[in-house]
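The values are calculated or read from the model by the stated rules, or taken from the named source; none is laboratory data. Note that the structure is predicted; figures quoted are calculated from it, not measured. For neighbour counting, all protein chains shown are included, and Cβ atoms are generated from backbone atoms with ideal geometry for every residue, glycine included.
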Amino acid sequence: MRYLPLAFDLKNRPCLIVGGGSIATRKARLLKKAEACLMVVAPDITDELHQLVLASGGEYIVGRYHADLLKCVDLVVAATADATVNKQVSVDARALRLPVNVVDSPDLCTFTFPSIVERGPLAVGISSGGSAPVLARMLRAQIETLLSPGLGMVAELAGRMRGKVKAALPEAQRKDFWHWVFNGPIVGQVERGHGADAEQTLLKELQRWQETPAPGGEVYLVGGGPGDPDLLTFRALRLMQQADVVLYDRLVSDEVLELVRRDAERIYVGKKKQFHSVPQDDINQLLVDLAKEGKKVLRLKGGDPFVFGRGGEEIDKLAEAQIPFQVVPGITAAIGCSAYSGIPLTHRDYAQSVRFITGHLKQGTLVLPWQELVTPNQTVVFYMGLTGLATISEQLIAHGMAADTPAALVEKGTTREQRVITGTIATLPGLAEEHKVEAPALTIVGGVVNLREKLGWFN
Ligand code: SAH
């Protein structure tokens, strides 16, 4: 490690920037965030830089750089387009033992700016010592996804509560308590903009810890999307990496499951057609029991938890048992399959509305509002409709849908094994048999299916 990362307190300290262009402006933004007082010397200056200087209580000195300017500043940045001037600034600053940064010239610097991930008072700096700035930026992007946007506010809350917690708990428990604060429901509350509730939760929990010190559990009901792990949300990924135990479905792809914390306990609660490996009531109860043991429980579902996912029933039980929970939306199968098969669900010329409906057979029959489904200019997406496909086809035609209405089956959508089979509402059941289509598969019915020829070439 050639460069030691330090956290520099620049509040109200005068810092000189030599240069007034876009690079100088970028550095000024950073220094302004650290509440430095900005001095800029340059013949010309961008509007933004001028604003930053004024807002920081500093000064814009119109003209050329001269060494006298270094006498009353704590730090110098040279960001001009003139290599000779930049070099002179470096020589002069080093003679005075002032920290100096010359943009894009590591040899002339005594310090460099790391790539920064910022969450309020929290700052993560990544430095490659100038050897691989692109790598540092890539790492920054990865860290960005891991730190929730609300973390800064949580850190501020922690700052405000530090004294109270210190007074309430002995040292041995304090660490565990803060661990609970930074991993538990408070982060979610702050993220959803419920800062006051978060403070209340913290105080209530603090009181509970004074009586019986133990962390409370929590449930994350997370949509894992239709298969491709790239379709997870940042929040889903973060919570997946925090979980102690995961309950997952058959629909959650292996690639998505791979991203759950390695040492989390895994419980398969998947359902197969006509075969419920774990009845829904037992799943609901298991979630409550595990959370009561103080665990962070991840309930990972295919697609979106609230689209044919029984997520509502699960959180109903949690609310009843007063277990804190968070719900994270996922990309539902219809949306994922649409994009990955080149079939837009709406289109100005073909469909002004779209309907998601379950084609799941109950005791071998399908009771659906068929008349509404044959409405023109509407796309209908059937979930769980593979076994009932022949019935769906017959009923749509019997209720007046043209037999040559375009229709598609998307099997294992968004995964590497995705297959798309197109035909008409009359031919699709035969095609499904011929191609041995397997679950999970989705049926899309409507004029938009024809657009695949034009838009689906890339799949
Ligand atoms: N909550 C899920 C849906 C659960 S119902 C979601 O929002 O996507 C299960 C049905 O979803 C399956 O029978 C199938 O019709 C559909 N489905 C789920 N994943 C799919 C995929 N990768 N490709 C095609 N259909 C899928």
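Observations, loosely collected:
- The residue pairs whose first member lies in region 368-386 and is among the β-branched types (Val, Ile, Thr), whose second member is assigned to a loop (DSSP other than H, G, I, E, B) and more than 16 Å from the ligand (Cβ to nearest atom), and whose beta carbons are closer than 6 Å, counting only pairs six or more residues apart or on different chains, are Val374/His399; Val374/Gly400; Val374/Met401; Thr379/Gly446.
- Residue list for region 205-256, restricted to those being acidic (Asp, Glu), out of contact with any Lys or Arg (no Cβ under 8 Å at 6 or more places or on another chain) and away from the ligand (no atom under 16 Å from the Cβ): Glu205, Glu211
- Close Cβ contacts (under 7 Å, 6 or more residues apart or on different chains) running from residues in region 72-90 that are among the acidic types (Asp, Glu) to residues that are surrounded by fewer than 16 Cβ atoms within 10 Å (Cβ to Cβ) comprise Asp74/Arg13.
- From the list Thr405, Thr424, Thr443, the lone residue that is within 16 Å of the ligand (Cβ to nearest atom) and modelled with pLDDT of 95 or more is Thr443.
- The listed residue being of a type in the set (A, V, I, L, M) and closer than 22 Å to Arg452 by Cα, out of Leu368, Leu361, Leu373: Leu373
To keep it simple, each residue is scored yes or no on (1) small (Gly, Ala, Ser); (2) more than 11 Å from the ligand (Cβ to nearest atom); (3) surrounded by fewer than 17 Cβ atoms within 10 Å (Cβ to Cβ).
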position	(1), (2), (3)
Glu293	no, yes, yes
Leu298	no, yes, no
Ala321	yes, yes, yes
Val327	no, yes, no
Ile335	no, no, no
Tyr350	no, yes, no
Pro376	no, yes, yes
Thr379	no, yes, no
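- Identity of the residue in region 309-319, surrounded by fewer than 19 Cβ atoms within 10 Å (Cβ to Cβ) and within 30 Å of Asp230 (Cβ to Cβ), that ends up nearest to the ligand (Cβ to nearest atom): Arg310
- Among the residues making up region 94-134, those that are farther than 18 Å from Leu30 by Cα and modelled with pLDDT of 90 or more are Arg94, Ala95, Leu96, Arg97, Leu98, Ser105, Asp107, Leu108.
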